[in-house]
Amino acid sequence: MAPLWLLARLYLGWQWLHSGWSKVTGDGWLNQGGVALQGYWEAAVRVPEEGRPTITYDWYRDFLQYMLDHEWYEWFAVVIATGEVIVGLMLIAGAFTAIAAFFGAFMNFNFLLAGSASTNPVLFVLALLLMGAWKTAGHIGVDRWLLPALGAPWSPGGLFRREAQPHRG
């Protein structure tokens, strides 16, 4: 199954890397105080006179409006753009695959709540599947060495396991 997870991981990683890199190198995200994100949030919170609003849940619209009112788009644009690049690189390398997939799914979920369907549903499901297959998903990647060395919270790996030392006395 590892080769199948490799393909899914590479696809998802490339999507994040490509999206993040276009934000890092493009206009409006890092070089203009987050005006691109500001525009996205403003469009998302707008309630039309007729028809349905982009955001279904009022609590999420209020959350975005709060961030707009406090101009959080200025620093949040940096978090999103660099976060997308980091998630993409980690997935492509197969390093901390489940953690990278979790943060990717978290971003997808927020984009979905803001009313942006696009590829987000597919990427969200792929991220959930990668999280579920965390032991195998990064086997063809850096996780092959990271997981045995670091272990999991319930089972420490070789770097954290202390072997019993014979008592000399």
Filter the stretch 12-34 down to residues that are within 18 Å of Phe96 (Cβ to Cβ) and of a type outside the set (A, V, I, L, M, F, W, C) and give me whichever is surrounded by the fewest Cβ atoms within 10 Å (Cβ to Cβ).
-> Gln15
Candidate set from the stretch 49-91 (those that are more than 30 Å from Leu10 (Cβ to Cβ), touching a Lys or Arg at 6+ places or on another chain (Cβ under 8 Å) and β-branched (Val, Ile, Thr)); member that is modelled with the lowest pLDDT = Thr54
Can you work out which of the residues in the stretch 2-53 that are over 22 Å from the mean Cα position of the chain (by Cα) and among the β-branched types (Val, Ile, Thr) is farthest from Leu128 (Cα to Cα)?
-> Val47
Single residue of the stretch 112-123 satisfying the filter (of a type in the set (A, V, I, L, M, F, W, C) and over 13 Å from Trp16 (Cα atoms)) that is surrounded by the fewest Cβ atoms within 10 Å (Cβ to Cβ) = Ala117
Could you check, for the stretch 39-57, whether at least one of its residues is part of a loop (DSSP other than H, G, I, E, B) and either aromatic (Phe, Trp, Tyr) or closer than 18 Å to Ile86 by Cα (or both)?
-> yes
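May I ask you to verify whether Trp154 is buried (at least 18 other Cβ atoms within 10 Å of the Cβ) and at pLDDT below 90? Step through it out loud before you land on a result.
Working: buried (at least 18 other Cβ atoms within 10 Å of the Cβ): no; at pLDDT below 90: yes.
The answer is no for Trp154.
Per-residue answers, yes or no, for (1) farther than 24 Å from Trp21 by Cβ; (2) of a type in the set (Lys, Arg); (3) free of Cβ contacts under 8 Å to residues at least 60 places away in the same chain:
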{"position": "Leu68", "(1), (2), (3)": "yes, no, yes"}
{"position": "Glu71", "(1), (2), (3)": "yes, no, yes"}
{"position": "Phe76", "(1), (2), (3)": "no, no, yes"}
{"position": "Phe102", "(1), (2), (3)": "no, no, yes"}
{"position": "Val125", "(1), (2), (3)": "no, no, yes"}
{"position": "Ala137", "(1), (2), (3)": "no, no, no"}
{"position": "Pro153", "(1), (2), (3)": "yes, no, yes"}
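Considering only residues of the stretch 17-38 that are β-branched (Val, Ile, Thr) and in contact (Cβ under 8 Å) with a residue 24 or more places away in the chain, which is farthest from Ala81 (Cα to Cα)?
Of all residues in the stretch 17-38, those β-branched (Val, Ile, Thr) come to 24-25, 35.
Pick out the ones that are also in contact (Cβ under 8 Å) with a residue 24 or more places away in the chain and you get 24, 35.
Numbers: Val24: 6, Val35: 13 Å.
So the residue we want is Val35.
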Evaluation of Met131 against (1) assigned to a helix (DSSP H, G or I); (2) more than 14 Å from the chain's Cα centre (by Cα); (3) among the hydrophobic types (A, V, I, L, M, F, W, C) (one fails), failing number | (2)
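Collect the residues in the stretch 43-89 that are acidic (Asp, Glu), farther than 15 Å from Asn110 by Cβ and surrounded by 14 or more Cβ atoms within 10 Å (Cβ to Cβ), keeping them in residue-number order. Walk me through it before giving the result.
Going residue by residue through the stretch 43-89, those that are acidic (Asp, Glu) are 49-50, 58, 62, 69, 71, 74, 84.
Subsequent filtering for residues that are farther than 15 Å from Asn110 by Cβ retains 49-50, 58, 69, 71, 74.
Correct list: Glu74 only.
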Applying the selection to the stretch 111-123, what residues are over 16 Å from Ala101 (Cβ atoms) and touching a residue at least 60 places away in the same chain (Cβ under 8 Å)?
-> Ala114, Gly115, Ser116
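The values are calculated or read from the model by the stated rules, or taken from the named source; none is laboratory data. What you see is a predicted model; the values in this text were computed from it and never measured. Neighbour counts are summed over all protein chains in view; Cβ atoms, including those assigned to glycine, are modelled from backbone coordinates with ideal geometry.
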